[in-house]
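So the structure is just underneath, and the comments pick up after that.
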Amino acid sequence: MRKPQLFMLVYNSFRTQAGAPTLHNYTRFLGDSFYRDVLWHTLWIGALTTLGCLVVGYPFAVYLRGRSPRARNYLSLVLLSPLLISMVTRAYGWLVLLGPKGPIADGFHALGLDAPKMLYNDTAVVIGMVHVMLAYMVLPLMGSLDRIDPALTPAAKGLGASGWTCFWRITVPLSLPGMLAGSLIVFSLTVSSFVTPAILGGPTVKLMPYFVYTEATSNLNWPYAAAIGFVLIVVTTILTAVYARLLRGRGGKEVFA
């Protein structure tokens, strides 16, 4: 967000609809347990999506590290392909896959099992968001893994370290900068996403961007929409700063010990 836009967001958040100065927009938000729960739920979905991208993306990045340049180019294209498709199209694709008559449900039925409800809940939103955000996790991880000296692992094995020991004591600590960058990008983009949660979450999963949209377009209460948006920006900034500081400190101790 550019500075003039951020300034106008903050300025409008301290105004009434008539233009008078007020703190009511913030007292209304902070004093309502419903909106506090929505904020917590938004951060929770962001954390789950970040964790999902890390769990799926880290093995994929490690696998890419050992491939030939040609294979890496093809696999990177597959990784980036979701970003070349409209967000609405991606979301509706998952709507079909996770629907009660979709191929996943048909697989459960073929096994004689009842298909679980996979739409309009947190699980559907996290699956859709992981699919969208995976590239933002893998690309920074690939950059960190490529900077690791390839001679370190053979040297450690020559001194008696096992493959798992090399992975946990060398590869993981030295790839922490990539984890940090990917996690910050994924978390920040997830908590501010609107289209995918709105389509896959339906009427039961309401996140902060949904209420910003509702207040601005349906209720035409731009000052309150600005306050909700600014609260989300402040909380996200604080959390990402604390996370970055903790991970950098922990990574520095492990790498340079």
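The values are calculated or read from the model by the stated rules, or taken from the named source; none is laboratory data. Keep in mind it's a predicted model, so treat the numbers as computed, not measured. Note that we place each Cβ from the backbone using ideal geometry, even for glycine, and neighbour counts take in every protein chain shown. What goes into the accessible areas is simple: the full protein's heavy atoms, side chains included, and nothing from ligands, DNA or RNA. Shrake-Rupley method; radii C 1.70, N 1.55, O 1.52, S 1.80 Å.
Filtering the range 1-41 to residues that are under 14 Å from residue 228 (Cα atoms), part of a helix (DSSP H, G or I) and of a type in the set (A, V, I, L, M, F, W, C) leaves 6, 8, 9, 10, 29, 30, 34, 38, 39, 40. Just one of the listed residues (204, 217, 236, 240) is out of contact with any helix residue (DSSP H, G or I) (no Cβ under 7 Å at 6 or more places or on another chain), at pLDDT below 95 and farther than 23 Å from residue 86 by Cβ, and it is 204.
When 172, 186, 195, 242 are checked against the criterion of being touching a Cys at 6+ places or on another chain (Cβ under 6 Å) and more than 17 Å from residue 35 (Cα to Cα), 186 stands alone in meeting it.
Checked against the criteria, residue 132 counts as under 23 Å from residue 61 (Cα atoms) and touching a Ser or Thr at 6+ places or on another chain (Cβ under 9 Å).
Scanning the range 105-137 for residues that are of a type in the set (A, V, I, L, M) and either loosely packed, with under 13 Cβ neighbours inside 10 Å or not in a helix (DSSP H, G or I) (or both) yields 110, 111, 113, 115, 118, 119. Here residue 167 clears all of (1) under 30 Å from residue 73 (Cα atoms); (2) among the aromatic types (Phe, Trp, Tyr); (3) modelled with pLDDT of 90 or more except the condition numbered (3). Considering each residue of the range 42-58 in turn, at least one proves to be more than 27 Å from residue 230 (Cα to Cα) and either surrounded by fewer than 17 Cβ atoms within 10 Å (Cβ to Cβ) or touching a strand residue (DSSP E or B) at 6+ places or on another chain (Cβ under 8 Å) (or both).
Entry remark, the range 140-151: residues being without any contact (Cβ under 8 Å) to a residue 60 or more places away in the chain and either of a type in the set (D, E, K, R) or open to solvent by 70 Å² or more (accessible area, probe 1.4 Å) (or both) number 3 in total. When residue 65 is tested against (1) over 26 Å from residue 15 (Cα atoms); (2) surrounded by 19 or more Cβ atoms within 10 Å (Cβ to Cβ), exactly one condition is not met: (2).
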